[in-house]
Amino acid sequence: MNIDWSKQDMRVSRTEIKKSHERLQALATPLANLSKKQLANLPVSEYFLDELKHLSDISSAAAKNRQIKRVGKLIIEEDRHSLTQALFEIKFTKEQMAKIETWFARLKLSDESTIKQFVKQFNASEFNSIYQLLLWVEYAKHLNDDELLTESVTDLESYVKEVAILSV
């Protein structure tokens, strides 16, 4: 695939940033359903953990929803990659994780049908979001920027795990 990088606007759109924040916030719901033992093993700050634990003490549905929204806002301050990884390992068996992780190698910018298959399988994913993440991976390769490549691949892998979690 030959891309004319001079014609590509590689700024991350406000829409993509917003979608990323919304995905992270949506992870508050599966986090809220974890046991106290599972919560204790999460790679998060004490403050965040306290806010999460507070959820189990709330019985009112409206108050619980407010607290989930609060946790969703606080989640942005945490290390999204390690938190996503921890939640991924809690939610899925080793076999399921292995199956989901095969998508890392299968998703290619030049293969739209595989991207479409992925979007069909994981209803929380979006074609454009994956396309943008794959474009960044190719851009990093084009620039020979190892740091950007590592960051772009990590972002793509976390995206796949996030949408897998949110699609169950």
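The values are calculated or read from the model by the stated rules, or taken from the named source; none is laboratory data. Remember, it's a predicted structure, so these values are computed and weren't measured experimentally. Here the Cβ is made from the backbone with ideal geometry for all residues, glycine too, and neighbour counts use every protein chain on show.
List the number of the failed condition for S158; all other conditions in (1) out of contact with any His (no Cβ under 8 Å at 6 or more places or on another chain); (2) surrounded by 14 or more Cβ atoms within 10 Å (Cβ to Cβ) hold.
Condition not satisfied by S158: (1).
Are any residues in region 29-39 among the hydrophobic types (A, V, I, L, M, F, W, C) and either over 24 Å from V160 (Cα atoms) or at pLDDT 90 or above (or both), and if so, which ones?
Selection gives L31, L34, L39.
Given the conditions (1) crowded, with 18+ Cβ neighbours inside 10 Å; (2) out of contact with any Phe, Trp or Tyr (no Cβ under 7 Å at 6 or more places or on another chain), which single one is not true for T150?
(1)
Sort out for me the helices (runs of 4 or more DSSP H) sitting completely within region 40-149 that have 3 or more residues that are of a type in the set (A, V, I, L, M), in the same structural domain as S20 (by TED's automatic domain parsing) and modelled with pLDDT under 95.
The helices (runs of 4 or more DSSP H) meeting that bar are 46-55, 61-74.
Being over 22 Å from S129 (Cα atoms), aliphatic (A, V, I, L, M) and part of a loop (DSSP other than H, G, I, E, B) is the filter here, so list the residues in region 23-39 that pass it.
Answer for region 23-39, where residues must be over 22 Å from S129 (Cα atoms), aliphatic (A, V, I, L, M) and part of a loop (DSSP other than H, G, I, E, B): just L34.
Scanning for something of a type in the set (K, R), exposed (fewer than 11 other Cβ atoms within 10 Å of the Cβ) and touching a residue at least 12 places away in the same chain (Cβ under 8 Å), does region 6-20 turn up at least one residue?
The answer is no; no qualifying residue exists.
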